[in-house]
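Engineer: This is the structure I want to talk about, given as structure tokens.
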Amino acid sequence: MAYLVVKALHIVLVISWFAGLFYLPRIFVNLAMVPQESTAEYDRLLLMAGKLYRFMTPIGFLSIAFGLWLWLGFGVSGGWLHAKTMLVVVLVGYNLYCRKLLKAFQSGKNKFNHVWFRWFNEMPVLLLLAIVFLVTFKPF
């Protein structure tokens with residue numbers, strides 16, 4: 001029973017983290033399209049991005065903690081888990097890079113256009129697909 005509770009909480013936390021990983025770059029797209037002279041809209045988007053980042057990051061680390069609990073506490077194992085773990089490390093890097101991008105917007109030093117952010121926004125989708133397939137099919 002405890003295993004199922006931990007697993008359910010892990011899944012809910014992962015879904016919540018990915019919601020943030022999907023939405024924050026969309027805010028970046030809008031920030032890149034709004035001229036900084038349009039202060040009210042730009043400031044509102046910056047506020048939204050900052051709040052979202054501060055909300056999603058602890059959720060991401062909680063999802064990792066629950067995943068580690070599943071792995072170490074209940075003996076979940078397999079080669080697929082090593083591949084999934086590497087993809088989670090990439091996700092953490094993506095999350096941290098989002099912080100760097102947010103800081104660039106906050107300091108007025110963004111170097112990327114909205115098209116770049118649209119492509120950047122696709123990375124978590126690809127990672128999610130790979131992770132779901134690894135967890136579902138456990139190919140190795």
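The values are calculated or read from the model by the stated rules, or taken from the named source; none is laboratory data. Computed from a predicted structure; not experimentally measured. Positions of Cβ are generated from backbone atoms using ideal geometry, with glycine treated the same way; all protein chains shown enter the neighbour counts.
Engineer: D43 versus (1) farther than 15 Å from L101 by Cβ; (2) touching a Phe, Trp or Tyr at 6+ places or on another chain (Cβ under 9 Å): which is the lone unmet condition?
Structural biologist: D43 satisfies all of (1) farther than 15 Å from L101 by Cβ; (2) touching a Phe, Trp or Tyr at 6+ places or on another chain (Cβ under 9 Å) except (2).
Engineer: Next question. Those residues that are of a type in the set (A, V, I, L, M), over 17 Å from P124 (Cβ atoms) and touching a residue at least 12 places away in the same chain (Cβ under 8 Å), I need them from region 32-54; list them, please.
Structural biologist: Result: A32, M33, L45, L46, M48.
Engineer: For region 95-111: of the residues being of a type in the set (D, E, K, R) and part of a helix (DSSP H, G or I), which is surrounded by the fewest Cβ atoms within 10 Å (Cβ to Cβ)?
Structural biologist: Per the stated criteria, the residue is K100.
Engineer: Examine region 17-25 for a residue that is within 21 Å of M123 (Cβ to Cβ) and exposed (fewer than 13 other Cβ atoms within 10 Å of the Cβ), and state whether such a residue exists.
Structural biologist: no
Engineer: Just the residues that are surrounded by 12 or more Cβ atoms within 10 Å (Cβ to Cβ), in contact (Cβ under 8 Å) with a residue 60 or more places away in the chain and not aliphatic (A, V, I, L, M), please, taken from region 61-85.
Structural biologist: F66, W69, G73, F74, G78, W80
Engineer: On to the next question. Filter region 112-134 down to residues that are without any contact (Cβ under 8 Å) to a residue 40 or more places away in the chain and not in a helix (DSSP H, G or I), then give me how many there are.
Structural biologist: Selection size over region 112-134: 1.
Engineer: Looking at P58, P35, which one is exposed (fewer than 14 other Cβ atoms within 10 Å of the Cβ) and within 12 Å of the chain's Cα centre (by Cα)?
Structural biologist: P58
Engineer: Let me ask you something else. Quick test for you: out of M86, M56, M48, pick the one residue that is within 20 Å of F137 (Cα to Cα), assigned to a helix (DSSP H, G or I) and either of a type in the set (D, E, K, R) or at pLDDT 95 or above (or both).
Structural biologist: M86
Engineer: Take V29 and decide whether it is in contact with a Phe, Trp or Tyr (Cβ under 6 Å, 6 or more places away or on another chain), modelled with pLDDT of 95 or more and of a type in the set (V, I, T).
Structural biologist: Answer is yes for this residue.
Engineer: While we're looking at this one, here's another question. When you look at K7, is it touching a Leu at 6+ places or on another chain (Cβ under 7 Å), more than 20 Å from E122 (Cα to Cα), surrounded by fewer than 19 Cβ atoms within 10 Å (Cβ to Cβ) and of a type in the set (D, E, K, R), yes or no?
Structural biologist: Against the criterion (touching a Leu at 6+ places or on another chain (Cβ under 7 Å), more than 20 Å from E122 (Cα to Cα), surrounded by fewer than 19 Cβ atoms within 10 Å (Cβ to Cβ) and of a type in the set (D, E, K, R)), K7 qualifies.
Engineer: Looking at V88, V14, V29, V92, which one is under 18 Å from M123 (Cβ atoms), in contact with a Ser or Thr (Cβ under 6 Å, 6 or more places away or on another chain) and either touching a residue at least 12 places away in the same chain (Cβ under 8 Å) or surrounded by fewer than 19 Cβ atoms within 10 Å (Cβ to Cβ) (or both)?
Structural biologist: V14
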